[in-house]
Amino acid sequence: MTPKLRLQPEARGIGMTGQRARDRLVLRLREQGIQDERVLSAIGTLPRHQFIDEALASRAYEDTALPIGLGQTISQPWVVARMTEALIEQGIPKRVLEIGTGSGYQAAVLATLGMEVYTVERIDELLRSARRRLRQLGLDVRSRHDDGRLGWSEHAPFDAIIVTAGGAALEPSLLDQLVEGGTLVAPVGGATSQRLLRMCRTPEGIQQQDLGAVVFVPLLSGVQ
């Protein structure tokens with residue numbers, strides 16, 4: 001069942017952070033090729049300005065990545081929408097693992113669509129902030145402070161996995177935690193040249209589809 005968001009007045013926003021700004025963003029995403037109305041509805045509902053620093057709130061509904069501190073960013077809304085759309089093309093998965101919680105916005109989109117979300121973040125300060133935001137919105141997301149490259153084996157296998165940081169190659173441990181028939185979406189490549197890949201695990205092996213060029217922060221090892 002899709003959760004009902006708990007929106008306080010500051011989350012609803014006014015002016016450049018209000019519903020009209022969210023509606024304009026949805027229109028822009030639709031014009032740029034995002035077709036899944038479930039994804040557009042989630043983005044049109046979620047208060048993205050609550051996931052960034054107050055000083056940048058007026059830019060929350062621009063279609064651009066924004067800094068969230070500690071060398072990390074909240075992804076461009078089009079990228080969030082495209083990755084989510086690719087993840088649910090064959091149906092909304094029940095259980096999804098996210099690698100790289102960041103601000104918590106991508107996890108919030110997934111949870112708003114009714115998925116059981118498990119998310120891993122290597123930077124403790126970011127994770128604590130993300131947990132607070134998700135809790136304030138009434139979204140039940142399970143989170144862990146750990147090296148995301150390891151996944152979350154205790155809760156594996158997952159119906160879907162989404163990776164929000166780029167690595168030169170996909171971590172085999174993540175594919176191992178994907179159910180047969182499951183979908184993994186991740187940016188793969190170097191710091192300046194990454195491709196967004198969708199991988200489906202079949203009885204014959206991994207089927208891979210290139211969804212285009214993207215730029216993400218690097219997928220790093222360890223925790224901080």
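The phi torsions of segment 98-115, fed into the Karplus equation with coefficients 6.51, -1.76 and 1.60 and a -60° offset, translate into couplings of 10, 9, x, 5, x, 6, x, 5, 4, 4, 5, 4, 5, 5, 5, 7, x, 7 Hz, rounded to whole numbers, with Gly and Pro shown as x. Go ahead and run the numbers for FRET between residue 224 and residue 63, Cβ-Cβ distance against an R0 of 25 Å, rounding to 0.05. FRET efficiency, residue 224 to residue 63: 0.25.
Taking amide H positions as modeled 1.01 Å from N, with prolines and chain starts lacking one, the residues under 5 Å from residue 182 and 5 or more places away or on another chain are 201. Here the chain is treated as an ellipsoid with the same Cα gyration tensor; its semi-axes, largest first and in whole Å, are 26, 19, 17.
Taking packing as the residue-averaged number of other Cβ atoms within 10 angstrom, the listed peptides 169-179, 81-91 run from highest to lowest as 81-91, 169-179. Dividing the helix sum by the residues of the chain, where each DSSP H run of 4 or more adds -39500 (n - 2.57), gives a mean residue ellipticity at 222 nm of -8000 deg cm²/dmol.
For the pair residue 37 and residue 128 in one chain, pulling the backbone fully straight at 0.36 nm per residue adds 29.7 nm over the alpha carbon distance.
Readers should treat all values here as calculations from the given coordinates under stated rules, not as data from a laboratory. Here the structure is a predicted model, which means the values were calculated and not measured. All Cβ positions, glycine included, derive from the backbone under ideal geometry; neighbour counts span all protein chains shown.
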